[in-house]
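Peer 1: Before we start, here is the structure in question, set down as structure tokens.
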Amino acid sequence: MTPDLNFSNINLQYLILVRDLAKHDPQLVGTLLGVSDEMGEAFTLITPSMLGQIASIQSPLLVPRHEPWWWARLLKALADGQQNEIEVVLDHSGFITSLVEGDGQ
């Protein structure tokens, strides 16, 4: 028996962040989502009405893009409480790390 899965809140929160980021840097959104720069620009056009519709979509709109070895290494580091190893694993995800560091937050 498969439990009922509802990703609507995650989808909504993620796409609000993507929209806000796209308004600042649509090319970065294109890279983040693996789409063209033009498609990244399209995310700037997400309206509150569209977000309302997204909120009703329960299936996941996001797919993890890292290789299985990356996830296995991250999960092991988390389970072992190895903060240094977690940071090394995140460094393999250079885009995310540089995004956070470059943003100054």
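Peer 1: With a 10 Å cut-off between alpha carbons and a GNM built on the chain, which of 41, 85, 67 moves the most?
Peer 2: 67
Peer 1: Over the chain, what is the relative contact order in percent, taking alpha-carbon pairs closer than 8 angstrom and at least six residues apart?
Peer 2: Relative contact order here is 25 percent.
Peer 1: Please compute, for the alpha-carbon atoms of region 1-60, the extent along each of the three principal axes and give them in descending order in Å.
Peer 2: Extents along the principal axes, in whole Å: 41, 24, 14.
Peer 1: While we're looking at this one, here's another question. Just 89, 18, 29 to compare: in a GNM of the chain, with alpha carbon springs under 10 Å, which one fluctuates most?
Peer 2: With Cα springs under 10 Å in the chain, the top fluctuation among 89, 18, 29 is at 89.
Peer 1: For the chain, what does -39500 (n - 2.57) per DSSP helix run (n ≥ 4), summed and divided by total residues, give at 222 nm, in deg cm²/dmol to the nearest 500?
Peer 2: Rounded to the nearest 500, it is -19500 deg cm²/dmol.
Peer 1: Okay, next question. Around residue 35, what is the net charge, scoring Lys/Arg as +1 and Asp/Glu as -1 over all other residues with Cβ under 13 Å from its Cβ?
Peer 2: With Lys, Arg at +1 and Asp, Glu at -1, the neighbours total -2.
Peer 1: Looking at region 1-55, which chymotrypsin sites (Phe, Trp or Tyr not before Pro) are in a loop (DSSP not H, G, I, E or B) and have at most 11 other Cβ atoms within 10 Å?
Peer 2: The qualifying sites: there are none.
Peer 1: Given springs between every Cα pair under 10 Å in a Gaussian network model of the chain, which of 58, 13, 82 has the largest fluctuation?
Peer 2: 82
Peer 1: Moving on to the next point. So, counting K/R as plus one and D/E as minus one, what does the shell of residues with Cβ under 10 Å around residue 89 add up to?
Peer 2: -1
Peer 1: Mean separation of Cα pairs under 8 Å and 6+ residues apart, divided by the residue count of region 1-60: what relative contact order is that in percent?
Peer 2: Reported as a whole number, the value is 46 percent.
Peer 1: Projected onto the charge dipole of the chain (+1 at Lys/Arg Cβ, -1 at Asp/Glu Cβ, origin at the Cα centre), which of 5, 43, 60 gives the Cα projection farthest towards the positive end?
Peer 2: The residue sitting most towards the positive pole is 5.
We did not get these values from a lab; they are worked out from the coordinates using the rules stated. This is a predicted model, so every value here is computed, not measured. Cβ sites come from the backbone with ideal geometry, for glycine too, and all protein chains shown count toward neighbours.
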